[in-house]
Amino acid sequence: MKYVDEFRDAHMARGLVTQLHAAAAALPRPVRIMEICGGHTVAICRNGLHAVLPDNVRLVSGPGCPVCVTPSSLIDAAIWLAQQPGVQVFTFGDMLRVPGSTTTLAQVNEHTHSVQMIYSPLQVVQYAGDHPDQRCVLLGVGFETTAPMLAAAVAQAAERTLPNFFYVSAGKMTPPVMRALLQDAGVALDAFIAPGHVTTVIGAAAYQFIADEYHKPCVVAGFEVCDILDALVRIVRQLARREQRVEIEYTRSVTHAGNLKAQALLAQVFMPCATAWRGLGVIPHSGYALQPAYARYDAHKAFALPVVEEIEPAGCRCGEVLRGVCLPYECGLFGKGCTPTRPVGPCMVSSEGSCGAYFRFGVQP
Ligand code: SF4
């Protein structure tokens, strides 16, 4: 497959590992590099990259799984919505199994039949048009990759003047959380691998502050094994030379400016707002609120959603895993009380969650 097979080539991968070790030999001290994206975490675990890293290069996972960073209070609010008469709640699959404070959307749905899994947000617009007797609520969970689809659904519902379509704003932005991590002295990162799909939308220029203000390298990478190894070689070379640049490894998709059409749609429908992240608290300008022109679709206002206390499962260290200060196998529940079939926290539920990826691919200390 063009643009994929050449980035899975084993010979090329071995060559990049050799280059990585050569570059790391020039590092003045051990370094910690965060792959911010859950898709990268899965690719790193699947390809066994932790095992081939030089001793002085450590990879830590970040808060780049949208399901994992959704606070339990929002899941509780979605569960409350699903229990209201005449309401259907729509969400992507992984959200169904994430524990709220007492139950999950999937468990509630066994009794209410009011939660539907979607593949595209536009399905909700279609359903709302076909079922005017039901109030249809779209849970807007996702990063910049998903946000244009969520925006398109809201815009399309407005064009059709659907009175029974509602939206829960829970989308998140990547650069503000990277800034928050850089400001967190307990995290202590030396560089970022940035997500290729998010950056295809927002453009690599969105990370320039990482080099300019925090003097750290940031390389935008694709999701194949050679993409990630190439990004690591570029980062380690920068660190060894005391350079700080934003580089694009994933040139087959990413530009500095990004997708201007998608950005225009996002600006039409959403505006930045402070939002809560699991494990990281409230981060300014990191969420997507509806623009005033679309405020009538805001489920928070239409349903007077209850304010629910944030409750983390006992013993779960997801918050620390999401900040990169705890590796999944350092949690006392990992693989014991918490497994993909019986998850305790969201990082074990989601297909892009760090704990799930470490467990499925057997990543060891
Ligand atoms: S292993 Fe389970 S309980 Fe521990 S941090 Fe991960 S998801 Fe939470």
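Only the coordinates and a few stated rules stand behind these numbers; no lab work does. Bear in mind the structure is a predicted one, so any value in this text is a computation, not a measurement. Neighbour counts run over all protein chains shown; Cβ positions are idealised from the backbone, glycine included.
Of note:
- Computed per residue of the chain from DSSP H runs no shorter than four, each worth -39500 (n - 2.57), the mean residue ellipticity at 222 nm is -10500 deg cm²/dmol.
- Most positive-pole-ward Cα, Ala153, Ala24, Leu189, against dipole of the chain from beta carbon charges: Ala24
- Scaled against 2.2 N^0.38 Å for its residue count N, the alpha carbon radius of gyration of region 253-365 is 1.38.
- Rg(Cα)/(2.2 N^0.38 Å) for the chain, N = residue count: 1.00
- Gap separating the Cα centres of region 249-267 and region 288-310, nearest whole Å: 28
- Separation of region 102-150 and region 1-36, taken as the distance between their Cα centroids, equals 40 angstrom.
- Cα lying deepest toward the dipole's positive end in the chain, options Gln244, Leu333, Val125, charges on Cβ: Gln244
- Full extension of the chain between Glu330 and Ala188 yields a length gain of 49.3 nm, computed as 0.36 nm times the residue separation minus the alpha carbon distance.
- Efficiency of FRET from Cβ geometry, Ala295 and Gln84, R₀ 22 Å, rounded to 0.05: 0.60
- Evaluated at q = 0.10, 0.15 Å⁻¹, a Debye calculation over the C-alpha positions of region 44-175 (equal weights, vacuum) places log10 I(q)/I(0) at -0.39, -0.73.
- All Cα-Cα separations within region 312-365 were binned at 10 Å from zero, giving a P(r) of 30, 64, 6, each value a whole percent of the pairs.
- Simple Cβ-charge dipole of the chain, Lys/Arg +1 and Asp/Glu -1, about Cα centre, in debye nearest 20: 400
- Packing here is the average count of other Cβ atoms within 10 Å per residue, and on that basis the peptides 275-281, 353-359, 151-157, 251-257, highest first, run 353-359, 151-157, 275-281, 251-257.
- Solvent-free Debye scattering, log10 I(q)/I(0), computed from the Cα coordinates of region 1-120 at q = 0.18 Å⁻¹: -0.94
- A crude spin-label estimate for the pair His256 and Arg242, with each label 7 Å from Cα along the Cβ direction, gives 2.6 nm.
- Label-point separation, Glu110 to Arg46 (7 Å along Cα→Cβ), nm: 3.1
- With each label modelled as a point 7 angstrom along the Cα→C-beta vector, the Ser120-Asp212 pair spans 3.8 nm.
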